[in-house]
Amino acid sequence: MREERGKDLPYYVENELRRYLDCGILAKGFLRVVCARCGDEMLVAYSCKCRGACPSCSARRMCGSAAHLVDHVLPDVPLRQWVLTAPYEVRRVLALRPDALTAQNRFFVEEIARWQKQRAAAFGVQGGETGAVTFVQRFDSMLRCFVHLHVVALDGVFTKAEDGALVFHEGPAPSREEIAHVAARVEKRMVRWLRRRKLIDERPAEERSNEPREVEPLEACMQMGLFDGVFLRLGDGGAQLGSDDDEPHAPRGKGPWTAEVGGFNVNAGITVRADDAEGRERLCRYGARPPFSLERLSLLPDGRVAYRLRRPRRNGATHLVMTPVSFLARVAGLIPPPRFPLLRLSGVLGPNAPWRAAVVVYGRGGVAAAKAAHDAPKRKRRKGKEKEDGNAAAILVDGGARRDEVPEEGDVPRSSPGRTSLGSGVVQVVGARFDWARLLRRVYLEDVLACPCGGRRRVIADLHDPEVVTAILVHLGLPTEGPAVARARDPTGCEAA
């Protein structure tokens, strides 16, 4: 139907949806994992590594990113979460224009840092520097495209002492007036940026409604997510309780930590103490969480898709029910485009920040360690570093150890940081990426490399040659092809016979 109109979804959307169909399919390649003691063998399928369409791969990225930030980026200082949401017209531009999102994030982070430095100067702390980690979320709890920013900022500033060591000065909590000032500054700068590029239409709604506008396919998917679907109370007859726009949304919070100016809403009410490593990791997981969960998704007998809400609505509705086409349209709007990073570092946490080496170890090895890290020369990046296989899941590769050096059960790598109670002392890091086995051990406290016989499992082969894969699957009596994909159908049901 879209081809008849001469309009296609962006290539990256269709490509990610097709890649998701191959996720976890043994016919597309797998790893052979064998126990060294009893010889028990298992196959581990490749993952698709999608950023928006696959809940499993997105959850793996969430846990890996949070673990890396806690162990190697965020210093042991108080943190505060700042959340920024924009009005609909601006959110539409942010969803379609990566440069607009970059500008929005820059304005927000700069204004937070400006306020922190001004407050520090008021208390006699001059020359302070701060930093932040930004998580970009493109969704809300009802699978709508809702671009907003979660900024985990250092709740204070760093200064350099006379001996060259860094010292952190914790800042005061912002008042509602100060949060409103930050929101006003962001609103002023962002609107000016959009006006210069003629990306927003500030005419009255009556004039805009009378003028037809060409809508791109991806934007049409986003609009479908806003207005399509009904709310039902499933489990007691499935009575219909209203469509998505029948019940007005609850007003945004107006507590002491929230302020709104010109549709730009800022909340700064979540904090984490300096000694709470587990709280830092949970906060980072929340910021990097996937768009939706398979546990809340179900298929009704009539073919419609039901998505369980996080909490019942005021009228008792528990699920959002959509047609399959509406569900796919919502998912398409949640997939981030290329050159659209979902994790951004700024300030003293930025990759090229002069103080970064000393900041990231602050509070872990004392002032001496921070000073040594600051004075150490920057190491040149090693050229020709092996590139990770973009298709292999590598779920059970044990901490980057050589195949003939897999540790025995119960062994703990000496380089394990052990800074969090979420599997403390069992995680070995290779660069910025955690392998699946140690990540599962950190998150769920379960060692998937431990065989019931008491031995240790290890990877003995990485197979992706179609002929070899097919031969092994035929020998084991497993399917040699993935599930059949039905051809596209007219969503209106008027397809000619």
| query | In this structure, does Asp302 turn out to be part of a loop (DSSP other than H, G, I, E, B), assigned by TED's automatic domain parsing to the domain that holds Arg138 and farther than 29 Å from Ala53 by Cβ? | reply | no
Taking the stretch 26-74 and keeping residues aliphatic (A, V, I, L, M), assigned to a loop (DSSP other than H, G, I, E, B) and surrounded by fewer than 17 Cβ atoms within 10 Å (Cβ to Cβ) leaves Ala36
Of the residues in the stretch 226-253 that are in contact with a helix residue (DSSP H, G or I) (Cβ under 9 Å, 6 or more places away or on another chain) and at negative phi, the one that is modelled with the highest pLDDT is Asp228
Note on the stretch 125-159: residues within 20 Å of Pro87 (Cβ to Cβ) and not in a loop (DSSP other than H, G, I, E, B) are Thr134, Val136, Gln137, Arg138, Phe139, Cys145, Phe146, Val147, His148, Leu149, His150, Val151
Going through (1) in a helix (DSSP H, G or I); (2) touching a helix residue (DSSP H, G or I) at 6+ places or on another chain (Cβ under 8 Å) one by one, Gln118 fails only at (2)
Any residue that is modelled with pLDDT of 90 or more, over 25 Å from Pro217 (Cβ atoms) and touching a Ser or Thr at 6+ places or on another chain (Cβ under 7 Å) - is there at least one of those in the stretch 315-335?
no
Note to self: Within the stretch 101-109, does at least one residue satisfy the condition of being modelled with pLDDT of 95 or more and more than 28 Å from Pro290 (Cβ to Cβ)?
What the structure shows: no
Exactly one of Gly316, Gly350 is under 22 Å from Ala153 (Cβ atoms), outside any strand (DSSP E or B) and in the same structural domain as Val109 (by TED's automatic domain parsing), and that one is Gly350
*Does the stretch 447-456 contain any residue that is modelled with pLDDT of 80 or more, part of a strand (DSSP E or B) and of a type in the set (Lys, Arg)?*
yes
Residue set Cys38, Cys23; condition over 18 Å from the mean Cα position of the chain (by Cα) and without any contact (Cβ under 8 Å) to a residue 40 or more places away in the chain; output residue Cys23
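The values are calculated or read from the model by the stated rules, or taken from the named source; none is laboratory data. None of the values given here were measured: they were computed from a predicted structure. As a convention, Cβ positions derive from the backbone with ideal geometry for all residues, glycine included, and neighbour counts pool all protein chains shown.
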